[in-house]
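The values are calculated or read from the model by the stated rules, or taken from the named source; none is laboratory data. Bear in mind that the values here come from a model prediction, so they are computed numbers and not experimental data. Cβ: placed from backbone, ideal geometry, glycine included. Neighbour counts: every protein chain shown. Only protein heavy atoms, including side chains, enter the accessible area calculation; ligands, DNA and RNA are left aside. Shrake-Rupley method; radii C 1.70, N 1.55, O 1.52, S 1.80 Å.
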Amino acid sequence: MRKYFVTLLTLLLSEFAHAHGFDERYDLPIPLEFFLVGGGLVIAASFLLIIIASTCWPNLKLAISYRIFSIAPKLAATIFFIGRLVGVASFILVIAAGFWGPDNPLLNLAPNFIWITWWLGFSLGIALLGNFWPLFNPWTGLFDGCIWAARICGLKISEEKGQFPFPKWLGLYLATGFLLAWSWMEVVYPIAFVPAKVASIALVWTVMNLTGMYLFGRDAWQVRGDVFSVYFATLGQFGIFSFKRVDCGLDVRLPGGGILANAEAWRNMPGASAFIIAMLGIVLFDGLHGSQAWGPFVALVQALGLTQLSLSSYGMGTLGLLLVWLIFMGLFYLSCWLSSQLIHDSATQLCNYFAATLIPIAVAYLIAHNFSSLVIQGQSIIFLVSDPLGSGWDIFSTANFRPNIGLIDAKMTWYLAVFSIVAGHMIALILNHCLALRLVSSTQKAALLTLPQAVLMILFTMLSLIIIAEPMTTSEFSIVDICFSKEAP
């Protein structure tokens, strides 16, 4: 039974670290160009409808939330304590599985848990529900444990105040570098296939994370230096739930309501736009890296005389990742610079301010690019958790479970991707207009202010549909047709 499962899963999911693993392709009922033009027209029409709606209902508020319930502080502390214990225990189990579990990554808990259950599952769950990562964060749990042990030994170490203040000028640039490095390890450097390397990277990050919290204080490091806390907190601003630690209350809000509530914080945070655009860039790079455009890109680099670089898969992957991020950064900065000429504001601050409205697009890309992986590969955790070390255990009586690979197909994934991408850009336009109304006095000025971003979002919509279409449809139209000629060497 297990041997049959491994053989089948290996055939279907040979690209373990990539988001799409379909052997089948969906035959589009209409040419892909129709989807591209239709998606672009929907975004353009949405821009016009937003202007009309804000003119007719000028007092409409979207940044509202409703309190569902509040809990006693002691109960909240108990829940967080239990959550941290679960997080630390899971972390220890994953590390143990990485070092002492099976060498086959498809039979090892560590790669599946880290790349699928945690990185994809938590990302999508937090994006939709809100940021529940602080409840399970194992590194803050380990740090609090170290502080408690140090105090028992008579050492005076503050968990809130570090040894040094976090440099304000650094902002989120450090977290951006960490995020790009994480994407490089996921896509370019194949550590996903080696459980021991995954566990080693986790231990290295643990040392770095605990050191950062000790040097700069736990809270300061979590909001600026810890890339995963920053990443999940950013996605969580789109989620519909928000937990207030101050009064232990749970609020419900519209999707994206947290973005409007925290817009000023983004505006004054150096590197905010760099980090958010990196969130978009790493997903698009993952798609481009496995697409038809990668071959011509390598040929182009070789034609420019960079032969040694073109022969290195690591070098080309690094170059491609940085180029995707820098190009998107440049385009978005240009759009904000054009907007800044209208209100004579700082283009950099406006870029950070409007960058928060790209969070719904990041959520859309996550759903479009990774939902199928989570549904299919995510089922493996059911049998892996019953035998985490590959010792023949059957703790939960699920060791012989076989994933149902028919839960989602290419057709369903394609239409989900189209819907999420178009809806994500529409929500981004709405939020962009709402933020613009805080800077100018009229709807007409807000429309002019956000016009460059609207044009950019139309282009983003069409480009993302092309990238998503390549691995799952039979369309002959691809990004190669746009960027490179068919006769390219």
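Each of the peptides 169-176, 327-334, 278-285, 204-211 was scored by the mean count of other Cβ atoms within 10 Å over its residues; in descending order, highest first, they stand as 278-285, 169-176, 327-334, 204-211. Applying both filters, DSSP loop and at most 13 other Cβ atoms within 10 Å, to the trypsin sites (Lys or Arg not before Pro) of the range 208-300 gives R245.
Note on exposure: T307, T413 ranked by accessible area (1.4 Å probe, complete protein assembly) read T307, T413, with the most exposed listed first. For the range 222-271, pairs of C-alpha atoms spaced more than 16 angstrom apart make up 47 percent of the total. With all pairs of different C-alpha atoms in the average, the Kirkwood value for the hydrodynamic radius of the chain is 24.0 Å. The number of Lys pairs in the chain with C-alpha atoms less than 24 Å apart, excluding pairs fewer than 8 positions apart on the same chain, is 5.
Kirkwood Rh and Cα-based Rg: tell me the resulting Rg over Rh for the range 175-268, rounded to two decimals.
That ratio equals 1.05.
If you average the sequence gap of Cα pairs under 8 Å that are 6 or more apart and divide by the length of the chain, what percent do you get for the contact order?
Relative contact order for the chain comes out at 25 percent.
Counted as membrane-span-like here are DSSP H helices of the chain whose alpha-carbon atoms extend 24 Å or more along the helix's own axis and whose Kyte-Doolittle mean is -1.0 or above; these are 32-56, 73-100, 195-216, 272-289, 313-343, 359-377, 410-437, 443-469. Working from label points 7 Å from Cα in the Cα-to-Cβ sense, the V455 to A150 distance is 5.3 nm.
Treating each Cα of the range 416-473 as one equal point scatterer and applying the Debye formula with no solvent, the log10 of I(q)/I(0) at q = 0.26, 0.27 Å⁻¹ comes out as -0.98, -1.02. Helices in the chain, meaning DSSP H runs of at least 4 residues, each add -39500 (n - 2.57). Divided by all residues, the mean residue ellipticity at 222 nm is -20000 deg cm²/dmol. The orientation-averaged shadow of the Cα convex hull for the range 307-407, equal to a quarter of the hull surface, comes to 11.9 nm². The share of Cα pairs per 10 Å bin across the range 282-350, counted from zero up to the longest distance, runs 19, 37, 21, 18, 4 percent.
So for the range 371-474, considering every pair of alpha-carbon atoms, how many percent are separated by more than 18 Å? Beyond 18 Å sits 65 percent of the P(r) for the range 371-474. Given R₀ = 22 Å, FRET efficiency for Q444-A347 by Cβ-Cβ distance, to 0.05? Computed FRET efficiency for Q444 and A347 comes out at 0.55.
Share of pairwise Cα-Cα distances greater than 19 Å in the range 108-197 is 63 percent (whole percent). Cα centroid separation, the range 398-475 to the range 159-233: 28 Å. Across every direction, the projection of the convex hull enclosing the Cα atoms of the range 30-188 has a mean area of 18.1 nm².
Taking GluC sites (Glu not before Pro) in DSSP loop states with no more than 16 other Cβ atoms inside 10 Å as exposed sites, the chain has its longest site-free stretch at 161-475. Dipole size of the chain about its Cα centre, with +1 on Lys/Arg Cβ and -1 on Asp/Glu Cβ: approximately 1380 debye, rounded to the nearest 20.
Placing pseudo-labels 7 Å out from each Cα toward the beta carbon at W100 and L322 gives an inter-label distance of 4.1 nm.
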